Amino acid sequence: MSENSAERRNFIRTLSFMGLLGLSDPLLLIRSALAMGGRDFPQGIREMKGDVRINGKIAETGSVVNIGDTVSTGPPESYAVFVVGQDAYLLRENTEVSVNTSSPDLKEKTADLLLLAKGKMLSVFGKGNKRIETPTAIAGVRGTGMYTEIEKDRSYICTCYGEFSIRPKADPSKEEILTAKHHEHPRYIYASGDLHKIMPKAPMRNHTDAELTMLEALVGRKPPFAKKDFNPYKSGGGNGGGGY
């Protein structure tokens, strides 16, 4: 069995799973985004299901997410995929994120501060520094893909690729500065407890390379771990990290 064949099957299975979550045709979403080349990419809600709101008001496909807005999803099976500038997001159910900016120029289209109050968010970012805050952690990232999940007494952060720092709010001295190529450094960040164990290593969980590929494609990119010699549109599929 070839490596590419196994990767293609894994990619197809992941896309099928995404379809079960409500992404009607994630491969078509990738194709249409890549076809745009270097043009400006459609902003706002690209795909959604269930209860999705912007600043408390019911959203629909095509609704624009502006800097300063709060996007939220409702009960299980709700989700939202949206684009702000050169950044793309997948919010799972029961999630709330505020897309803010620390820049005085509110005309900028790229947010550099995100406040994740609850839930599960997969995000990919364009050039520039970003700051992501959760109830227990502050993460500084640059040019990354990142998955963040909020639990009762801890946050989970996986920087899937790129440069980043993670600082636990309970003990900022425990900050770690790391570089990831492919999910090497997931962490749990606890609200309290033994300060020597407040930010332990964690497994990769609840997000996939196919989802990262889909999000990056929405803003005309591909994950840096994507194989240059692999085409997911040949032989019926693609690998978990994409490759175009």
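Annotations for the structure displayed:
- Single residue of the stretch 164-189 satisfying the filter (among the hydrophobic types (A, V, I, L, M, F, W, C) and in a strand (DSSP E or B)) that is nearest to H207 (Cα to Cα): A180
- Among the residues examined, A191 does not qualify as in contact (Cβ under 8 Å) with a residue 12 or more places away in the chain, within 19 Å of A117 (Cβ to Cβ), in contact with a helix residue (DSSP H, G or I) (Cβ under 9 Å, 6 or more places away or on another chain) and of a type in the set (G, A, S).
- Any hit, the stretch 82-100, residues being assigned to a loop (DSSP other than H, G, I, E, B) and modelled with pLDDT under 95: yes
- Counted residues, the stretch 49-69 - those being surrounded by fewer than 20 Cβ atoms within 10 Å (Cβ to Cβ), of a type in the set (A, V, I, L, M) and part of a strand (DSSP E or B): 1
- In the stretch 192-222, of all residues being among the polar types (S, T, N, Q) and part of a loop (DSSP other than H, G, I, E, B), the one that is surrounded by the most Cβ atoms within 10 Å (Cβ to Cβ) corresponds to T208.
- Qualifying residue in the stretch 180-195 (condition: at pLDDT 90 or above, closer than 18 Å to G145 by Cβ and among the hydrophobic types (A, V, I, L, M, F, W, C)): yes
The values are calculated or read from the model by the stated rules, or taken from the named source; none is laboratory data. Given the structure is predicted, the values throughout are model-derived calculations rather than measurements. Neighbour counts are summed over all protein chains in view; Cβ atoms, including those assigned to glycine, are modelled from backbone coordinates with ideal geometry.
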